[in-house]
Amino acid sequence: MKKNSIQSLYLHLVKVSPRRKFLISFLLGLFSALSLPPIHFFLILFLTVTGLIWLLDEIEDFRISFCIGWFFGVGYFLGGLYWISYAFLVNSDKFALFLPFAMIGLSSLLSIFIGLTTFLFSKFRFSGLNKALVFSSLWVMMEWLRGHIFTGLPWNLIGSTLTFSDELIQISSIFGTWGLSFFAILSFSFLGCTQPKFLMKKNLLCFLRVGFPFIILITLWCGGHIRLLFAEENFFPNVKVNVIQANIQQKDKWLPKNREKNFFKHLDITRDSLEKKKTEETIELFIWPETAIQFFLDENKKISEIVGKNLSKNGLLFSGGIRKEKDPYDKGDIFWNSILFLDDEGRELGIYDKFHLVPFGEYVPLKTIIPIEKITQGLSDFSPGDGLKTLHLNNVPSFSPLICFEVIFPGQVANLLDRPKWLLNVTNDAWFGLSSGPYQHFSSARLRSVEEGLPLVRAANTGISAIIDPYGRVINKLDLLSEGYIDNYLPKPLASRTLYAKFGDRVFFIFLLILFSFIGIRKKLLGNKFEKY
C-alpha cells in the first residue's frame with residue numbers, strides 16, 4: 001500500500017462520524033472472529049486491531065470510545081460464538097424463539113469488557129511502544145475480569161488464536177493464557193499504536209517498528225521450540241487409557257427409547273478396544289463422555305453388572321452419567337451431572353459432581369423471576385457439586401476430573417494442596433454439531449495442559465476426543481463427528497511444576513506491575529519525548 005494511501009485511510013478512520021465508526025468497528029470485530037479456532041487466520045488481527053485503534057484516535061468523548069470497543073466486541077463475539085445458536089435448534093419448537101435474544105444478549109454482555117478497554121485506553125495520549133503496552137495490559141486485564149466476574153466465561157481469549165502452534169503456546173507454562181493473550185495482542189496492536197507517519201519513513205527505525213510485531217511472535221515460537229526440543233515423553237508403563245467416542249447426535253441422545261441403545265453403543269466400542277490388549281497386569285481405564293450413562297445406577301443394578309462383565313481384569317470405567325438423591329427438605333429429587341467410576345466387578349468406586357454449571361443450559365438462574373426451562377432435556381435443574389477434587393482410585397495415578405466447560409478456566413483445574421498427576425475431561429459437544437464450538441473448546445483444553453504441566457485425557461461424545469501430553473501436544477485424537485476409540489499409555493506429568501502451576505495468576509500480575517514500573521521509568525527519563533516513543 002502506498003504511503004499516501006495509509007495516511008488517507010488513517011485520516012478517514014479518525015475523522016469519520018461516530019455512527020460510521022460504530023459500523024466499521026462492528027465489521028472489524030466480525031472479521032476478527034476469523035482468527036479463532038478452527039480457522040486461525042490470525043494475520044487478519046494485524047489489520048482489524050489496527051483499525052480499532054485508529055478509530056479511537058483524537059476522540060474527546062469517552063462514551064464514544066466505549067461504544068467503539070463495544071461494537072467491535074459485538075461483532076467479535078457474534079462471529080466467534082455463533083455456534084451457541086445450534087443448541088437452541090435441537091428442540092427448536094421450545095427454544096428457537098429465544099435464539100436471537102440469547103445471541104445478541106450474550107454478545108452484548110461480553111462486549112462490555114472490550115468497551116471498558118477502549119474507554120480506559122482513550123484516556124492515554126501517547127503512541128508507539130508505550131501506547132501498545134497500555135492497550136495490551138488493559139485488554140488482558142479485561143479478559144481476566146471476563147473470566148472471573150459472576151460465573152466467568154474465559155472463552156475465545158485472544159491468546160487462543162495462536163493455539164494452532166505447539167511452540168507459540170508454551171509461554172502459557174510461565175504466565176498462563178493471560179500471558180499468551182498479552183503477547184498476542186501486543187503484536188497485533190503495535191502497528192495501530194504507531195503513528196502512520198512513523199511507519200512510512202525509509203530508515204532503520206521504521207523497519208524495526210514494522211518488524212517488531214513479528215519479532216514478538218518469532219521470539220515466542222523460538223522459545224517454545226527450544227522448550228519442546230528438551231521435552232521428554234514419559235508414560236506410566238502399567239496404565240493404559242481407552243477413550244470411547246460413540247458419536248451420538250444430540251437429537252437422539254436424551255430420547256427415553258434410545259437410552260439402552262446409546263449405552264450398548266458405548267459398550268460395543270469398549271469391547272472392540274479390548275481385542276488387542278493385554279489384560280493381566282495393566283490397569284486399563286475406559287473413558288466414556290459426559291452423560292454417556294443415562295440410568296440411575298442405584299435403581300439399575302443390572303447396568304453396573306453389565307459394565308463389570310465387559311471390562312478387562314483390572315479395568316475401570318470412568319463415565320459421564322447422571323445421579324439423584326432425595327432432597328432432605330422436601331419431597332423432590334436433587335440431580336447432578338456427574339462422572340461415575342466403576343471397577344471390573346461393577347462396583348462404584350467414587351463419584352464426581354460438576355460444580356461449574358452452565359447458566360440456562362444446566363440450570364436457570366433466578367428461576368422464580370425467569371420462568372423458562374433449561375435447554376438440557378430430560379431432568380430438572382442440575383445442582384452444583386462440592387468443587388474441585390483430586391481423586392485417588394485403586395492404583396490409578398491421582399487425577400482431577402472436569403466436566404464440559406470446567407476445563408476452560410485457567411488456574412482452576414487442579415487442586416494446589418493435593419496436586420493430581422493428570423487431568424480428565426468428559427464433555428458432550430454434540431449440541432453444537434459441525435461448527436467452530438467444539439474446536440474452540442478443544443483448544444482451550446490443550447492450554448490447561450501447558451499451564452499446569454499435566455497430561456489431559458478428553459472424551460467427547462461427538463469429538464474432539466484426545467490424549468494430550470503435559471506440553472499440550474496431541475498424542476492421539478478422534479476428529480469431530482467420528483466414531484471409535486483411541487488408546488495409549490497414560491502420559492506422565494512434568495517432573496517439576498510449571499511456574500504458572502506454582503503461583504497461578506500472580507505471575508502475570510507481577511509481570512504487569514514490573515511493566516507499569518518500566519513505563520513510569522521511561523516517562524521520567526524521556527520527559528516530553530515519552531509520548532512519541
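The set of residues in the range 503-527 being touching a Phe, Trp or Tyr at 6+ places or on another chain (Cβ under 7 Å) and either closer than 24 Å to Phe126 by Cβ or free of Cβ contacts under 8 Å to residues at least 24 places away in the same chain (or both) consists of Phe508, Phe511, Arg522, Lys523, Leu526.
Note on the range 239-326: enclosed helices (runs of 4 or more DSSP H) holding 3 or more residues that are surrounded by fewer than 22 Cβ atoms within 10 Å (Cβ to Cβ) and among the charged types (D, E, K, R) are 259-274, 301-310.
Take Asn314 and decide whether it is touching a residue at least 24 places away in the same chain (Cβ under 8 Å) and on the phi > 0 side of the Ramachandran plot. Break it down stepwise before answering.
Values: touching a residue at least 24 places away in the same chain (Cβ under 8 Å): yes; on the phi > 0 side of the Ramachandran plot: yes.
Considered against the rule, which asks whether it is touching a residue at least 24 places away in the same chain (Cβ under 8 Å) and on the phi > 0 side of the Ramachandran plot, Asn314 comes out as yes.
Does any residue of the range 197-205 turn out to be surrounded by 17 or more Cβ atoms within 10 Å (Cβ to Cβ), of a type in the set (Lys, Arg) and not assigned by TED's automatic domain parsing to the domain that holds Ala445? I'd like the intermediate steps shown before the answer.
In the first step, residues of the range 197-205 are kept if they are surrounded by 17 or more Cβ atoms within 10 Å (Cβ to Cβ); the result is none.
No, the range 197-205 has no match at all.
What are the residues in the range 37-65 that are in a loop (DSSP other than H, G, I, E, B), among the hydrophobic types (A, V, I, L, M, F, W, C) and either modelled with pLDDT of 95 or more or at positive phi (or both), if any?
Initial filter on the range 37-65 (in a loop (DSSP other than H, G, I, E, B)): 37-43, 57-61.
Next, from what is left, pick out any that are among the hydrophobic types (A, V, I, L, M, F, W, C): 39, 41-43, 59.
Hits for the range 37-65 are Ile39, Phe41, Phe42, Leu43.
Within the range 462-477, can you find the residues that are crowded, with 20+ Cβ neighbours inside 10 Å and over 21 Å from Lys251 (Cβ atoms)? Hits for the range 462-477 are Ala466, Ile467, Ile468, Asp469, Pro470, Tyr471, Gly472. Evaluation of Phe236 against the conditions (1) in contact (Cβ under 8 Å) with a residue 40 or more places away in the chain; (2) of a type outside the set (Asp, Glu); (3) in a helix (DSSP H, G or I) shows that the sole unmet condition is (3). Does the range 434-452 contain any residue that is in contact (Cβ under 8 Å) with a residue 60 or more places away in the chain and touching a His at 6+ places or on another chain (Cβ under 8 Å)? No, the conditions are met nowhere in the range 434-452. Of the candidates Gly128, Gly147, the single residue that is assigned by TED's automatic domain parsing to the domain that holds Leu89, on the phi > 0 side of the Ramachandran plot and touching a residue at least 60 places away in the same chain (Cβ under 8 Å) is Gly128.
Filtering the range 86-96 to residues that are within 19 Å of the chain's Cα centre (by Cα) and buried (at least 19 other Cβ atoms within 10 Å of the Cβ) leaves only Ala87. Test of understanding: among Gly75, Gly105, Gly80, Gly69, which residue is surrounded by 22 or more Cβ atoms within 10 Å (Cβ to Cβ) and out of contact with any Gly (no Cβ under 6 Å at 6 or more places or on another chain)? Exactly one of Gly75, Gly105, Gly80, Gly69 is surrounded by 22 or more Cβ atoms within 10 Å (Cβ to Cβ) and out of contact with any Gly (no Cβ under 6 Å at 6 or more places or on another chain), namely Gly80. As for the range 108-125, it holds at least one residue that is over 24 Å from the mean Cα position of the chain (by Cα), closer than 19 Å to Phe46 by Cα, surrounded by 18 or more Cβ atoms within 10 Å (Cβ to Cβ) and not assigned by TED's automatic domain parsing to the domain that holds Phe409. Would you say Phe341 is on the phi > 0 side of the Ramachandran plot and crowded, with 17+ Cβ neighbours inside 10 Å? Criteria not met by Phe341.
State whether the residues of the range 139-154 include one that is of a type in the set (Lys, Arg), in a helix (DSSP H, G or I) and at pLDDT 95 or above.
First, the residues of the range 139-154 that are of a type in the set (Lys, Arg): 146.
In the following step, the residues that additionally are in a helix (DSSP H, G or I) were identified as 146.
Now restrict to residues that are at pLDDT 95 or above: 146.
Checked the range 139-154: at least one residue is of a type in the set (Lys, Arg), in a helix (DSSP H, G or I) and at pLDDT 95 or above.
The values are calculated or read from the model by the stated rules, or taken from the named source; none is laboratory data. All of these numbers come straight from a predicted model, not from anything done at the bench. No Cβ is skipped: glycine too gets one built from the backbone with ideal geometry, and neighbour counts run over all protein chains shown.
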